[in-house]
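Read the structure below first, then the notes.
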Amino acid sequence: VALAPQVPTLAPTLNAYETISQAARTSQQRRSDRWTHALMGAFELGAKPAVRVADLSDEVQQRLSLARALAKNAPLLLVDEPLPAATTEARRHAIALMRQLVRPDTTVVVTTSDRAAASLAHRVVELE
């Protein structure tokens with residue numbers, strides 16, 4: 001199981017590259033450096049690869065959290081309110097990236113109050 005919580009729980013002393021590559025190395029399929037670089041590019045994290053997580057903005061930390069979860073290549077991906085600090089367009093982009101980058105056999109569960117982002121889902125379940 002891979003988790004991208006609403007409030008990222010990232011190691012503050014690591015940088016973006018270390019955060020993603022550590023998750024990729026601990027995945028069952030041991031993903032390559034190329035996968036780490038692909039995720040950094042997809043989530044626009046390449047401009048600050050050496051900056052410590054503690055020094056990144058909230059939105060960048062949220063993107064990093066999503067990239068870290070995807071790096072694990074888990075069969076179940078849980079995403080809670082992706083990118084709450086971002087614009088609706090950025091959230092749509094992140095969800096589109098998730099759909100593009102996850103394995104075909106991965107189940108993705110996203111909680112969101114953003115109807116526009118939810119509209120990208122294959123199936124929507126509303127809880128009241």
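The values are calculated or read from the model by the stated rules, or taken from the named source; none is laboratory data. This one's a predicted model, so the numbers in the text were calculated from it and none came from an experiment. Note that each Cβ is placed from the backbone with ideal geometry, even for glycine, and that neighbours are counted across all protein chains shown. In case anyone asks, the SASA skips ligands and DNA or RNA and just uses the protein heavy atoms, side chains included. Shrake-Rupley method; radii C 1.70, N 1.55, O 1.52, S 1.80 Å.
Looking at region 62-89 only, could you name the residues that are under 15 Å from T19 (Cα atoms), in a helix (DSSP H, G or I) and of a type in the set (D, E, K, R)?
Selection gives R63, R68.
Kindly provide the set of residues from region 61-107 that are over 11 Å from the mean Cα position of the chain (by Cα), under 21 Å from R25 (Cα atoms) and of a type in the set (A, V, I, L, M, F, W, C), ordered by number.
Listed by number, the residues that qualify are A74, L76.
Considering region 45-61 alone, what residues qualify as being open to solvent by less than 40 Å² (accessible area, probe 1.4 Å) and either closer than 17 Å to R91 by Cβ or not in a loop (DSSP other than H, G, I, E, B) (or both)?
L45, V53, V60, Q61
What pairs come up if the first residue lies in region 82-104 and is at pLDDT 75 or above, the second is part of a loop (DSSP other than H, G, I, E, B) and open to solvent by 60 Å² or more (accessible area, probe 1.4 Å), and their beta carbons are under 7 Å apart, counting only those six or more places apart or on different chains?
P84/Q6
Take region 86-104 and flag every residue that is over 17 Å from V1 (Cα atoms) and surrounded by 12 or more Cβ atoms within 10 Å (Cβ to Cβ).
Correct list: A86, T88, A90, R91, R92, H93, A94, I95, A96, L97.
What pairs can you find where one residue is in region 1-21 and in contact (Cβ under 8 Å) with a residue 60 or more places away in the chain and part of a loop (DSSP other than H, G, I, E, B), the other is among the charged types (D, E, K, R) and open to solvent by 10 Å² or more (accessible area, probe 1.4 Å), and their Cβ atoms are less than 7 Å apart, with a gap of 6+ or different chains?
Close Cβ pairs satisfying both conditions: P5/D80; Q6/D80; Q6/E81.
Do we find that A74 is open to solvent by less than 20 Å² (accessible area, probe 1.4 Å) and closer than 22 Å to V51 by Cβ in this structure?
Criteria not met by A74.
Does V124 count as assigned to a strand (DSSP E or B) and open to solvent by 60 Å² or more (accessible area, probe 1.4 Å)?
no
If a residue has to be modelled with pLDDT of 80 or more and either part of a strand (DSSP E or B) or surrounded by 14 or more Cβ atoms within 10 Å (Cβ to Cβ) (or both) to count, how many in region 105-121 make the cut?
Counting residues in region 105-121 that are modelled with pLDDT of 80 or more and either part of a strand (DSSP E or B) or surrounded by 14 or more Cβ atoms within 10 Å (Cβ to Cβ) (or both) gives 7.
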